[in-house]
Amino acid sequence: MITEAELLAKVPTQLFIGGEWVDSTSGRSIEVHDPATGLVLATIADASPEDGATALDAAVTAQAEWAATAPRVRGEILRRAFDLLQERADEFALLMTLEMGKPVAEARGEVTYGGEFLRWFGEEAVRIQGRYGRNPEGTGRMIVTHLPVGPSFLITPWNFPLAMATRKIAPALAAGCTCVVKPAELTPLTTLYFARLLEDAGLPKGVLNVITTSTSKEVSSPIIADPRLRKLSFTGSTPVGVSLLKQAADTVLRTSMELGGNAPFVVFEDADLDKAVDAAMLAKFRNIGEACTAANRFIVHESVADSFAQRITERVTALKIGRGTEEGVSIGPLINAGAVDKAAALVDDAIERGASLLTGGSRIDGPGSFYQPTVLTNVQAGSSILQDEIFGPVVSIITFTDELDAVTKANDTEYGLVSYVFTRDLARGQRLIESLQTGMMGLNVGVVSNAAAPFGGVKQSGLGREGGSEGIHEYLETKYVLTPDPFA
Ligand code: ADP
């Protein structure tokens, strides 16, 4: 097993532009920290706006040849990347634990999930199909074909450092688009190491470029304003997404936006409570609660709410907290002190407004940014925790009386990413598919993400879908052609 120091020594620390590893023109650097200890893991290049422009130049230069590359060849590069990722799975898992904090077992799970996008879109590359047929009038032939949209700017968040990158990079490359990737400054190492892997998989120079920067806005804005850029794909918070959409409007830039969530987890009185509790633990505590798909509000029928809360509390008090590299740990640190402050403020506000604290509720002293896994019941309407994304290990429970009340409460948010519903009543489950305002739903399951499925939200949770057969179309233009009737 590779040591932490050996692994960190292998991770590139420069920018990846035009197939070369280069220093930043700013001369500045970014320190990447271990959130479990606060110690510096690595010091990497801090890109300037000029570096961003050079990266876009490289993507633009490589675009025509990459679009002309046979789909099979593009797909096989992705397949090789998938295979290399399996060989390096332990390294990627450890690297994500070091820079992001999640337990190693979960980081391994992310390598599997993130890798599936390489395999899936490697397969989709050869299935970009159009159609050909007569027009209704019978006077001509209609052709519909799909072409790569062009150079794409991919901005990723820190919570899933590998999967959020592969979920964008794989469909872009499969579709024939070159790209500039900007990972989150808190967790850039995984993307840098992944760029090295794509080099090893034979990706031509300039097709993928990576810029790491502490000045996201200053570096991103000129790239977004450049008319040669044809696509922006962003995963992150809704306020930043809104600001990027406004910038994208100036050049009518195509966008995909995966923004915040406020997932309801609805438990009906007829639910299998054992299964609901198992799923709740996953939906809440996977990734330390730092997921846009994390269950944010538990909405439980009043007749089973006490029993549900008690079982969850028993499970939560048994969770082991610590650095993600330690055996048996399931709750690592939050990403930084700001994340701890946010969780603490939401919990304190809920308690002040009348919620009951069943366990947790405090920060953990010492190095690293830890917050206790927490259970709140009887959370009162108007509490911030029911509207804001917690992004931490906090269960917040409210009750409902009947199906209409459950649906009204579940939909009482500007977000609409995912919902979770537990019921044994098939017709009720089917009604909720239609009445819950979310882009995804887990019906008697607590995790829905899959490379083969369209991931995305409605309302302020975003625009577009990633994954599935839909995912590649985010990087394709539809072109329609009419020709005269060849028999006329
Ligand atoms: P989170 O709350 O997950 O940190 P953010 O929306 O702040 O979400 O960040 C997601 C990604 O967006 C990160 O890569 C971050 O560096 C980047 N980012 C933040 N602000 C801007 C901005 N104004 N322009 C471009 N990228 C940004």
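Observations on the model:
- Residue check for residue 115: out of contact with any His (no Cβ under 6 Å at 6 or more places or on another chain) and closer than 23 Å to residue 470 by Cβ: yes
- Identity of the residue in the range 380-421, open to solvent by 10 Å² or more (accessible area, probe 1.4 Å), assigned to a loop (DSSP other than H, G, I, E, B) and in contact with a helix residue (DSSP H, G or I) (Cβ under 7 Å, 6 or more places away or on another chain), that ends up nearest to residue 350 (Cα to Cα): 388
- Considering the conditions (1) within 12 Å of the ligand (Cβ to nearest atom); (2) surrounded by 24 or more Cβ atoms within 10 Å (Cβ to Cβ); (3) not in a loop (DSSP other than H, G, I, E, B), residue 239 is excluded by exactly one of them, (2).
- Subset tally (residues that are within 11 Å of the ligand (Cβ to nearest atom) and assigned to a helix (DSSP H, G or I)) for the range 223-236: 2
- Scope the range 245-258; condition touching a strand residue (DSSP E or B) at 6+ places or on another chain (Cβ under 8 Å) and either open to solvent by 10 Å² or more (accessible area, probe 1.4 Å) or among the aromatic types (Phe, Trp, Tyr) (or both); matching residues: 245, 253, 254, 255
- Residue match in the range 205-217 (condition: open to solvent by 30 Å² or more (accessible area, probe 1.4 Å), part of a helix (DSSP H, G or I) and within 14 Å of the ligand (Cβ to nearest atom)): yes
- Among residues of the range 75-103, those that are open to solvent by 10 Å² or more (accessible area, probe 1.4 Å), in a helix (DSSP H, G or I) and not hydrophobic (A, V, I, L, M, F, W, C), counted: 8
- Scanning the range 429-488 for residues that are of a type outside the set (Val, Ile, Thr), more than 16 Å from the chain's Cα centre (by Cα), in a helix (DSSP H, G or I) and farther than 20 Å from residue 178 by Cα gives 429, 430, 431, 432, 434, 435, 459.
- Residue within the range 461-482 that is of a type outside the set (Ser, Thr, Tyr), open to solvent by 40 Å² or more (accessible area, probe 1.4 Å) and under 30 Å from residue 402 (Cα atoms) present: no
- Single match in 130, 138, 202 (criterion: away from the ligand (no atom under 14 Å from the Cβ) and either free of Cβ contacts under 8 Å to residues at least 24 places away in the same chain or β-branched (Val, Ile, Thr) (or both)): 130
- Some residue of the range 189-200 being at pLDDT 95 or above, in contact with a His (Cβ under 9 Å, 6 or more places away or on another chain) and within 25 Å of residue 101 (Cα to Cα): no
- Pairs are defined by a Cβ separation below 7 Å, a sequence spacing of at least 6 or placement on different chains, a first member in the range 38-54 that is open to solvent by 50 Å² or more (accessible area, probe 1.4 Å), and a second member that is hydroxyl-bearing (Ser, Thr, Tyr); the pairs so defined are 43/13; 43/29; 50/25.
- Entry remark, the range 244-265: residues being in contact (Cβ under 8 Å) with a residue 24 or more places away in the chain, farther than 26 Å from residue 443 by Cβ, within 11 Å of the ligand (Cβ to nearest atom) and not hydrophobic (A, V, I, L, M, F, W, C) number 1 in total.
- Among the residues of the range 171-197, those that are in contact with a Leu (Cβ under 7 Å, 6 or more places away or on another chain) and surrounded by fewer than 24 Cβ atoms within 10 Å (Cβ to Cβ) comprise 193, 195, 197.
- Meets criteria (more than 27 Å from residue 468 (Cα to Cα) and open to solvent by 20 Å² or more (accessible area, probe 1.4 Å)) for residue 282: no
- Here 106, 50, 65 are screened, and the one residue that is in contact with a helix residue (DSSP H, G or I) (Cβ under 8 Å, 6 or more places away or on another chain) and in a helix (DSSP H, G or I) is 106.
- For the range 148-199, a residue qualifies if it is within 16 Å of the ligand (Cβ to nearest atom), basic (Lys, Arg) and under 16 Å from residue 211 (Cβ atoms), and the qualifying residues are 168, 182.
The values are calculated or read from the model by the stated rules, or taken from the named source; none is laboratory data. Here the structure is a predicted model, which is why all the values come from computation and not from measurement. When we count neighbours, we look across all protein chains shown, and the Cβ atoms used for this are built from the backbone with ideal geometry, even at glycine. Calculation scope for accessible area: heavy atoms of the full protein, side chains included, ligands and nucleic acids excluded. Shrake-Rupley method; radii C 1.70, N 1.55, O 1.52, S 1.80 Å.
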